[in-house]
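A single structure is presented below for examination.
Just so it is clear, none of the values below were taken in a lab; they were calculated from the coordinates. None of the values given here were measured: they were computed from a predicted structure. In this analysis, Cβ positions are derived from the backbone assuming ideal geometry, glycine residues included, and neighbour counts consider all displayed protein chains.
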Amino acid sequence: GAVVSQHPSWVICKSGTSVKIECRSLDFQATTMFWYRQFPKQSLMLMATSNEGSKATYEQGVEKDKFLINHASLTLSTLTVTSAHPEDSSFYICSAIQVNEQFFGPGTRLTVL
Amino acid sequence: TQLLEQSPQFLSIQEGENLTVYCNSSSVFSSLQWYRQEPGEGPVLLVTVVTGGEVKKLKRLTFQFGDARKDSSLHITAAQPGDTGLYLCAGYNAGNMLTFGGGTRLMVKP
C-alpha cells in the first residue's frame, strides 16, 4: 500500500513558539491530504482538508490563523501550529488519498510546555 | 455532521474470549471502514465494507455492514493479546468525507 510519512515523530516546545509538522506521500502524488488531531484516549477529529495549490478547508471550530496549512506540492503538506499553548498538545495525524483510499501517517506527538 | 457511535468504549477480556464491537449511526454511509490503531502510531485500515448486508472475514475478525448501511459490527473470535489496541470505525458520506467513531479500546489479557 501507499506510504505516508510525518516529521517529526514527536516534538516538545515552549509555550508561544510555532511548530511545523510535515506530511509526505512517499510513493504517490496526493492532491488532497487531511489533518487530524487526536487527544489521549479519544478518536481522530478532522481539522482541515489540505488541497494542493489552493487554500485549505477548515472544519468548524478550527482556527485557520492558528493552524496554518500549506500544500505546496503533490507530495508535501505542512501544518504549522502558531503560538502554541499547552492545550494544543495532542497527537497530530495526516492522511493522503490514493485511488479513493486514505492512507495515514504515523502521527506527530506535540507537547507544549 | 454525521455521527458514528461506537460501543463499548472500553473492553477488557481474557485471551480466548470472543467479543463484538458495534458502530451505529442514524445516517447512511456509502462505505464504512474499520481501523486498528496502536499507541503512538497512525490508524491502519483493516477492512472496507460497501454493500448493505456485506460480511467480510479477516482471519479471526468478522466485519458486517448493516442492511441499511447505517451500522456495522466487528466480531473477534478467540481474542489474543496481540489484538489489543484501539479499534475505530469510520464512514464515508456522500461528500466523500471520512468521519470517525469514538473508538473502542480493547485490552486482551494473557
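When the dipole is taken about the Cα centre of chain A, and only Lys, Arg (+1) and Asp, Glu (-1) are charged at their Cβ, what size is it in debye, to the nearest 20? Don't skip to the answer; put the middle values down first.
Details: 9 positive and 9 negative charges, 50 e Å.
Roughly 240 debye for chain A.
Could you list, by residue number, the cysteines of chain A that have no other cysteine's beta carbon within less than 4.7 Å of their beta carbon?
A:13
Which three lengths, in whole Å and largest first, does chain B cover when its Cα atoms are put on their principal axes?
Each principal axis gives a Cα extent; for chain B these are 42, 28, 20 Å.
Sequence neighbours fewer than 8 away in the same chain don't count; with that in mind, list the lysines whose C-alpha is under 22 Å from residue A:55.
Residue A:55 reaches A:20, A:64, A:66.
I'd like the trypsin sites (Lys or Arg not before Pro) in segment B:25-98 restricted to DSSP loop residues with at most 12 other Cβ atoms within 10 Å, sorted by number. Walk me through the numbers on the way to the answer.
Numbers: sites: B:36, B:56, B:57, B:59, B:60, B:69, B:70; in loops: B:59, B:60, B:69, B:70.
Answer in residue order: B:59.
With Cβ to Cβ distances under 12 Å as the rule, what net charge do the other residues near residue A:19 carry (K, R +1; D, E -1)?
On the way: positive: A:14, A:20, A:66, A:109; negative: A:22, A:88.
Its environment carries a net charge of +2.
What fraction of the DSSP beta bridges in the protein assembly as shown is antiparallel, stated in percent and rounded to the nearest 5?
On the way: 72 of 81 bridges.
For the protein assembly as shown, the DSSP antiparallel bridge percentage is about 90.
Here is a follow-up. Can you tell me the dipole magnitude for the protein assembly as shown around its Cα centre, using point charges on the Cβ only (Lys, Arg +1; Asp, Glu -1), in Debye to the nearest 20?
160 debye
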